[in-house]
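Enquirer: I have a structure here, written as structure tokens, and I will follow up with some questions on it.
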Amino acid sequence: MSSFLVISIIFVYLAVIFYVAYWAEKNSKSGWVNNPYIYTLSLAVYCTAWTYYGSVGLAATSGLKFLTIYLGPIIIIPTWIILMRKIIRISKGNKISTLADFISLRYGNDRFLGALVTLICILAIVPYISLQLKAISETFNVITNHKISPNSILDDTTFYIAILLAIFAAFFGTQHTDASERHKGIITAIALESIIKLVFFLVIGFYVTFYLFNGPVDIYNKASVLPNFETQQTIDGLNGGFNWFLLSLLSMIAIVLLPRQFQVTVIENEREKYLKKVIWLFPLYLLLFNVFVIFIAWAGNVVFQNQQVDADLFTLLLPLSNNNEFLALLVFLGGFSAAISMVVISSLALATMLSNNLIIPYGFLRRFSNAESEENAESIKNIRRISIFLLIIIAYLFYKSFTLDRPLVSIGLISFVLIAQLAPAFFGGLFWRRGSSKGAKYGIITGFIITVYTLLIPFTIDSQSITTFFVNEGLFGIEILKPYELFGLQIFEPVTHAFFWSLLFNTTIYSLVSVNKLGSYRERNFAEMFVYSTKYAGLQEGAYVWKGEAYVRDIRKVLTRFLGENRTERALNLFYMKYDIDKKNQVADARLVNFSEKLLTGNIGSASARILIASVVKEEEISLTELLNILDETQKAKESNKELKERDKQKDEFLDTVAHELKTPITSIRALSEILLEDDEIDTDLKKKFLSSIVSESERVSRLITNILDLEKLATGKEKLDLNENSIKNTILKSIDPFRQLAVNKGIKISLDGINDVEMFYDEDRIQQVIVNLLSNAFKFSTEENSEVKISTHINQNKVEIAVEDNGKGIEIDELMSIFDKFYQSKNQTILKPIGSGLGLAISKQIIESHNGKIWAENVNPHGTRLTFTLPLNKK
Amino acid sequence: MKKILIVDDEPNIVMSLEYIFTKEDFEVFIARDGAEAIEIVENSMPDIILLDIMMPNVDGYQVLNYLKNSETLRKIKVIFLSAKNKSIDIELGLQLGADKYISKPFSVKYLVKEVKELLNKKIK
């Protein structure tokens, strides 16, 4: 294919991607931009050119080992619903914009720690970016049939592509000065690329498996007769198992801590609930991506056996060798899109880190403190833009000047191992409150040194293809210092070996130092906030305890310098409104100090924000116990406030219902008496009827009032129970008496057969009231013929159950609990309003509960309802 | 003779309203709940409805909705009679399309006056 054609296609493709990003930025409120699918797809930036070419290369030489890189994430992602939610909450709550910010804030805005994390990330990721550029360049050469890559940079297409990517990332990545804002344009473009790369990869997989071969079985049969096939495909015993396990663990860490993953998963998260989609959709995406890898690899081994062909390029070479240029072009574009997504997001994440955690806190703070706000906003953006260009150009030069002759996979894994050095500090900081900044620093540095010794140095030496004394014999010829077999450990491959030792030392030192050296009160406060994030999240600005002296004027000045007059004013107004603080206050309180620090964090990183605010406020030390006490009190105050509000609401609702219930009889009384008053011609019978209605409605009002007062007395415990020893049978019989005549009138049978007697202590009047209430309830439901109301007692070892049962139509299941609510009227009772006040059962419940008993309702077969209550059998 | 429908589940309220409107020369219909009300409306096409809100099964809001969704029944005048008298309830009732909202307890004289006024307006 001609270079010109391919270059044209590349530019058309890039133009489309730029346009999509531009469109998404313009329509940033659209549902097309803000949905869980875009979010999930953007996470697939995890699949880079490495996945496209390197997985196949690895599968061709080492069988299924490539899977570990995806197995780890697939295993860990479902736990994100808890883990990632916690990380996202903390990040959003503190306006964190990078991984370095996260770690540095957790350990008390430690400037050095932030810088250290930044350096590790840059060391790990820049070669990784180079690798993507290399993939672009190599595949470009393959598809255009260039044999030698041009020596002059200006003749190299990859250089121009790199520059275009830098422009893209710099333009769409710095729309806001606040780096914790989302970059919707870039994310939408990345999501689109994730679809493209997956679809194209599936197409080629399908083509190879079912067009070039007759399905998976055919490939297997042909590949399995090749030499070395068996040894490639097995896990290789216990040692291999360890390697598998550690590689999976490594990729579990990477999926969270790679700067580009942190960027897309945490910073670009719009809503927490998107995680619910992610936990199944993202693993599914990764699985789909890997379905065909092994078949393409086997197919390559079969087709290119006995030829000197780079296994990393199988995906591209298979269609080319069959003269299918169109499919080859799709593969090239898929790999290209995978590569550029990674380059863009990584350079954006690294540039934010570089500017907010290294350049600004160490070089520019003083200058910013004296400049005007517009200048500052522009300078911050410029620093970030320059950082992006710098990173991409350095990556390009790195690829140009070092022969990256190693397979794609190994460089990728080295960067994983470097990033993994942040894991103890990160996860430790998240779950262990004793983790201290000193521990984190020493741990990371130790882990880094070990990685350099066991992996970077020997790897660099190896890649220059010179055998050396150092690698073969160990430092100074000491056997146990052999870089690939440190302390004589021989079971691991180089990468897992380095990962094992570095992480072991890193974690040990982190824990030992943390246990032995208490951190400053500031980091202990943040430790509390991070580890117990759910407990303190509600406190917001109150979660950081601060004591000292500060003036609003000074803080405002600092804010204005970075946010400008308008944004500062808006932000402060919001703050004053939220906490209901008088604007005239001259003295700033802890909340304002924290709030301002957070505002600045998004713009210039947490370390710088802390330094700036600290320069205008005087802070005092607080002891740990004091700190915990204050946090607890703030928490309690907030909770009790919430309880009070809830109780207020319930009271309001109750009063509303009471008012409604009282108004109904009063309406009748008023209407009837108005008629009697005005109308002289009304006949005597009707007059009598009206008057007796007035009487009964008045009774209803007074009954209601008595009941409400009763309920109130019982609920507040104002009325003491009059406990005496009574016979339960007698009490029941006394309660039934008033119903006997009614039962005869309505033809209802009362059955007393199931009553056993026992003597026990209770308030007889009150229990009688309960039984009467239950009986009237049962009578209410007894409208059919052959109605029967059964009363029974059941004596247990330590309690007595008393049940009242009817054979009416029963209560709907969803109502069984609510009938004990105040003023609850069952749907199934007769259409006419009941005689009761709607409080009978609520009062009964209150009475039984103050006797330490229970009351409940259930339906019985074939129909009917049974209301049961229990009384404890206390002899005194 | 104008037809009036009284919808309420309180027997004594119904009794008083029935008496007063019969005396004012209305043809009076009575419903104990929303479902009954809709049946009567369909059969007898009253000119005005006095509608309680809180009733079992089908409540007053549902009845009003039913009327407002029908081409022919839409014109029937509706007065809500309810013990719910918070401004938000009144606002909601009127938003739904009731012509008047009278809080309980009410004066019978006032109610009669309002009913007559509403019906006269219709004639104009």
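Enquirer: State the answer as a single residue: which of A:I81, B:T72, A:G853 lies farthest towards the positive end of the charge dipole of the protein assembly as shown, with beta carbon charges of +1 for Lys and Arg and -1 for Asp and Glu, about the Cα centre.
Expert: A:I81
Enquirer: Listed highest first by mean packing, meaning other Cβ atoms within 10 Å per residue, what order do A:747-755, A:452-460, A:383-391, A:415-423 come in?
Expert: Answer by packing, highest mean first, reads A:415-423, A:383-391, A:452-460, A:747-755.
Enquirer: Something else about it: What order do you get for A:838-844, B:68-74, A:272-278 when each peptide is scored by the mean count of other beta carbon atoms within 10 Å, highest first?
Expert: Result, highest mean first: A:838-844, A:272-278, B:68-74.
Enquirer: Also: For the pairs A:K663/B:K23; A:K720/A:K799; A:K734/B:K104; B:K3/B:K68; A:K184/A:K381, note any where the Cα-Cα span goes beyond 28 Å.
Expert: As for pairs spanning more than 28 Å Cα to Cα, those are A:K734/B:K104.
Enquirer: Would you tell me the mean number of C-beta atoms belonging to other protein chains that fall within 10 Å of each C-beta in A:686-697, as a whole number?
Expert: Mean shielding count: 2.
Enquirer: Could you work out the relative contact order of chain A? I mean the mean sequence separation of Cα pairs under 8 Å and 6+ apart, divided by the number of residues, in percent.
Expert: 14
Enquirer: Could you state the angle between the C-alpha long axis of helix A:111-144 and the longest principal axis of the C-alpha atoms of chain A, as a value from 0 to 90 degrees rounded to the nearest 10?
Expert: The two axes meet at around 60 degrees.
Enquirer: If one computes the Cα centroid of the stretch B:27-73 and of the stretch A:795-818, what distance in Å separates the two points?
Expert: A separation of 37 Å, based on Cα centres.
Enquirer: Is the shape of the stretch B:3-123 rounded, prolate or oblate, going by the alpha carbon gyration tensor and its root eigenvalues a ≥ b ≥ c, with a/c under 1.5 for rounded and a/b larger than b/c for prolate?
Expert: On the way: a/c = 1.17, a/b = 1.06, b/c = 1.10.
Taking the square roots of the gyration eigenvalues as a ≥ b ≥ c, the stretch B:3-123 is rounded.
Enquirer: Can you list, largest first and rounded to whole Å, the semi-axes you get for the stretch A:166-264 by taking the square root of 5 times each eigenvalue of its Cα gyration tensor?
Expert: 40, 23, 9
Enquirer: Just the number: Rg to Rh for the protein assembly as shown, Cα atoms, Kirkwood Rh, two decimals. Kindly include the intermediate steps, with their values, before the conclusion.
Expert: Numbers: Rg = 39.9 Å, Rh = 35.4 Å.
Result for the protein assembly as shown is an Rg/Rh of 1.13.
Enquirer: When averaged across all projection directions, what area in nm² does the alpha-carbon convex hull of the stretch A:66-196 cover?
Expert: Mean projected area for the stretch A:66-196: 11.4 nm², to one decimal.
Enquirer: Using Cα-Cα distances under 8 Å and only pairs 6 or more residues apart, what relative contact order does the stretch B:3-123 have, in percent? Can you show the working numbers first?
Expert: On the way: 180 pairs, mean separation 26.3, N = 121.
Value for the stretch B:3-123: 22 percent.
Enquirer: What percent does the relative contact order of the stretch B:50-105 come to when contacts are Cα pairs within less than 8 Å and at least six residues apart? All intermediate terms of the calculation are to be shown ahead of the outcome.
Expert: On the way: 71 pairs, mean separation 20.4, N = 56.
Relative contact order for the stretch B:50-105 comes out at 36 percent.
Enquirer: Continuing with the same structure: When you look at the Cβ of every residue in B:31-37, what mean number of other chain Cβ atoms sits within 10 Å? Walk me through the numbers on the way to the answer.
Expert: Working: counts 0, 3, 2, 0, 1, 1, 0.
What the average comes to for B:31-37 is 1.
Enquirer: Within 10 Å of each Cβ in B:13-19, how many Cβ atoms from other chains are there, averaged over the peptide?
Expert: Going residue by residue through B:13-19 and averaging, the value is 6.
Enquirer: Follow-up. Grab the DSSP H runs of chain A that are 4 residues or longer, score each as -39,500 (n - 2.57), total them, divide by all residues and round the 222 nm result to the nearest 500 deg cm²/dmol.
Expert: Numbers: 35 runs with 562 residues, N = 876.
When only DSSP H runs of four or more count, the value is -21500 deg cm²/dmol.
Enquirer: Still on this structure: Within the stretch A:655-737, list the trypsin sites (Lys or Arg not before Pro) lying in a DSSP loop whose Cβ has at most 13 other Cβ atoms in a 10 Å radius. Spell out each step's value before the answer.
Expert: On the way: sites: A:K663, A:R670, A:K687, A:K688, A:K689, A:R700, A:R703, A:K713, A:K718, A:K720, A:K729, A:K734; in loops: A:K718, A:K720.
Answer in residue order: A:K718, A:K720.
Read-outs throughout are calculated quantities, based only on the coordinates presented, and are distinct from any laboratory measurement. Treat the numbers as computed from the prediction; the structure is a model and nothing was measured. In this analysis, Cβ positions are derived from the backbone assuming ideal geometry, glycine residues included, and neighbour counts consider all displayed protein chains.
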